[in-house]
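Participant: Pasting in a structure now, in structure tokens, and then I'll have a few things to ask.
The values are calculated or read from the model by the stated rules, or taken from the named source; none is laboratory data. Computed from a predicted model, the values in this text were never measured in an experiment. All Cβ positions, even for glycine, are placed from backbone atoms using ideal geometry, and neighbour counts span all protein chains on display. Remember, those area values only see protein heavy atoms, side chains included, never the ligands or the DNA or RNA. Shrake-Rupley method; radii C 1.70, N 1.55, O 1.52, S 1.80 Å.
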Amino acid sequence: MEPQPQSASERLQEIIRLNRHFAKVGVYAVCSAHPSVIAAAVRQAVEDESALHVESTSSQVNQVGGYTGQTPSQFAEFVHRAAQQAGLPRERVLLGGDHLGPYPWREQPSEAAMRNACELVCACVLAGYHKIHLDASMACADDNKSGPDEHTIAQRAAVLCRAAERAFEDLPPGSSPLLYVIGTEVPAPGGETLSGAPPAVSPSGHIHHTLELFRAAFAEQDVTSAWDRVIGMVVQPGVEFGENVIFDYDRQKARALSTALPKHPALVYEAHSTDYQKPSALAAMVEDHFAILKVGPWLTFAFREAVFALSAIEREWLAHRRGVRISQVREALEAAMLRNPAYWRTYYRGSEDEIRLARVYSYSDRCRYYWGEAAVQQELAQLRANIDASPPPLTLVSQYLPTQYETIRSGRLQGHAEDMIQEHIRTILRIYAAACGNVRTKLR
């Protein structure tokens, strides 16, 4: 009888076990709902013969649609469809919920916000999410401005866990068990610091105290059996990014955290906001038991780089041809951001010119919220169509996308617009795959 293939959640548990035994292995989670990012991540997983680990935040995807307009079941279907089209088996896809908690409803009183959060957790579990980040760290309308205390955070997280466990009972027998990530020192969804100051590393002395709070809260909510499936804890390793600054990992400052992990539960740290870190820093983080690396804005940042490069190629190549309508991607994106400044207004400061540049080029990558706008999508479609209908000479590709030029020259890549976009995104994914110890990945 043929053995059953290992599921993605089983792969994750095995990697965590190896990491705790000092193997230099980890996993990266793609925290994005962008179609090109997901497609690139699927391709990378196929090439690496690894699992595809994708997570959606409570703001991106929730029971009322989130800012992407997708419910958990719709997002799950979207990811699985992309995987299937590329030949990635379903059992190698791990869906996770990031920052599942009251954050999208934080302007409501805690009782109402938690009721919505429990509904979201249930919807994620029923949609096939198997990794659940329980995040009740954000302040609700009736909390202190500084946020709920650690005991309250743990209690609310346990309530969310109970909702998830009850929803799991409705899944078919044999479903992979739920895995959990906890913590009290959790950065806001989307990352990026607003203060411009480097974040303080979490005190190692808080680790045992925090775990004990959560263990007791799990017992109080009668979900003790789930405690053995807590695989990760969110702490602050001192990494972050802002509008135009990156705070790099300093393993000396985080050394005490690396040695503070308990024997039970045998968890690792989950590192948020690792975007833009140096390859050597990411590898050091994995070695130091920050074995789950979250990445999101860097991937859509790379998407924007590739799109702008193709726009420049398009103008050089086709602007003087009769009958060709040149795409207006940059103009459409700028117009969409000015029409609805809600996603960037509080993030950027400075002169009018500084804010204009930040809207598009900032590490914060707030323009990622606008790629789905109908007018922007129309111009992206025009750009792809122009490039594909009249492929530019490789000399132009070399000028604006030199890495993709080399890949085309080697025969590993076709010169289609979307292929070049995804290949550019994969330059970032390869950094993460290499840092996580995937021996099949070669940085090129």
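Participant: Whole-Hz Karplus ³J(HN,Hα) for the stretch 244-258, in order, using 6.51 cos²θ - 1.76 cosθ + 1.60 and θ = phi - 60°, x for Gly and Pro?
Facilitator: Per residue, the Karplus-derived 3J(HN,Hα) values read 9, 9, 10, 9, 7, 5, 10, 5, 5, 5, 9, 4, 5, 5, 4 Hz.
Participant: Considering Cα pairs under 8 angstrom that are at least six residues apart, work out the relative contact order of the stretch 199-298 and quote it in whole percent.
Facilitator: About 29 percent, as a whole number.
Participant: Let a ≥ b ≥ c be the square roots of the eigenvalues of the Cα gyration tensor of the stretch 313-444; is it rounded (a/c under 1.5), or, if not, prolate (a/b larger than b/c) or oblate?
Facilitator: Note, shape of the stretch 313-444 comes out oblate.
Participant: Could you calculate, for the stretch 214-352, the ratio of the Cα radius of gyration to the Kirkwood radius, expressed as Rg to Rh?
Facilitator: 1.16
Participant: How large, in percent, is the carbon and sulfur part of the accessible surface of the chain at a probe radius of 1.4 Å?
Facilitator: Within the chain, the accessible surface is 50 percent carbon and sulfur.
Participant: Apply the Karplus parameterisation 6.51 cos²θ - 1.76 cosθ + 1.60, with θ equal to phi minus 60°, to every residue of the stretch 108-118 and state each ³J(HN,Hα) to the nearest whole Hz, in sequence, with x for glycine and proline.
Facilitator: For the stretch 108-118, the Karplus curve yields 9, x, 4, 4, 5, 4, 5, 4, 5, 5, 5 Hz.
Participant: Only one of the values [x] 24.0, 87; [y] 21.9, 72; [z] 23.5, 71 was calculated from this structure for Rg and Dmax of the Cα atoms in Å; name its label.
Facilitator: Structure-derived value, by its label: [y].
Participant: On to the next question. Ignoring solvent entirely, what values of log10 I(q)/I(0) come out of the Debye formula for the stretch 152-251 at 0.13, 0.15, 0.16 Å⁻¹ when each Cα is a single scatterer?
Facilitator: Here log10 of I(q) over I(0) equals -0.58, -0.72, -0.78.
Participant: If you average the alpha carbon positions of the stretch 210-278 and of the stretch 82-114, how far apart do those two centres end up, in angstrom?
Facilitator: If you average the Cα positions of each part, the centres end up 19 Å apart.
Participant: Using a Förster distance of 30 angstrom, determine the FRET efficiency expected from the C-beta separation of THR224 and ALA342, and round it to 0.05.
Facilitator: 0.10
Participant: Still on this structure, please answer the following. Give me the percent of DSSP beta bridges within the chain that run antiparallel, rounded to the nearest 5.
Facilitator: Around 5 percent of the beta bridges assigned by DSSP in the chain are antiparallel ones.
Participant: Also, quick follow-up: Might you tell me the accessible area per residue for the chain, computed with a 1.4 Å probe and given in Å²?
Facilitator: The answer is 43 Å² per residue.
Participant: Oh, and also: For the stretch 1-53 and the stretch 141-170, what is the centre-to-centre distance using only Cα atoms, to the nearest Å?
Facilitator: Cα centroid to Cα centroid, the span is 28 Å.
Participant: So, in nm, how far is label SER351 from label SER146 when the simple model puts each one 7 Å beyond its Cα toward the Cβ?
Facilitator: With each label placed 7 Å out from Cα toward Cβ, I get 4.0 nm.
Participant: Related question: Based on a Kirkwood Rh over C-alpha pairs, give the Stokes-Einstein translational diffusion coefficient of the stretch 386-443 at 25 °C and viscosity 0.890 mPa s in µm²/s.
Facilitator: Translational D for this selection: 201 µm²/s.
Participant: For the chain, what is the mean residue ellipticity at 222 nm derived from helices alone (per DSSP H run of n ≥ 4: -39500 (n - 2.57); sum divided by total residues; nearest 500 deg cm²/dmol)?
Facilitator: -14500 deg cm²/dmol
Participant: What shape does the stretch 249-299 have by the C-alpha gyration tensor, where a ≥ b ≥ c are the square roots of the eigenvalues, rounded means a/c under 1.5, and otherwise prolate means a/b greater than b/c and oblate the rest?
Facilitator: Note, shape of the stretch 249-299 comes out oblate.
Participant: Ranked highest first by average number of other Cβ atoms within 10 Å, how do 346-353, 127-134 line up?
Facilitator: Put in order of decreasing packing, that is 127-134, 346-353.
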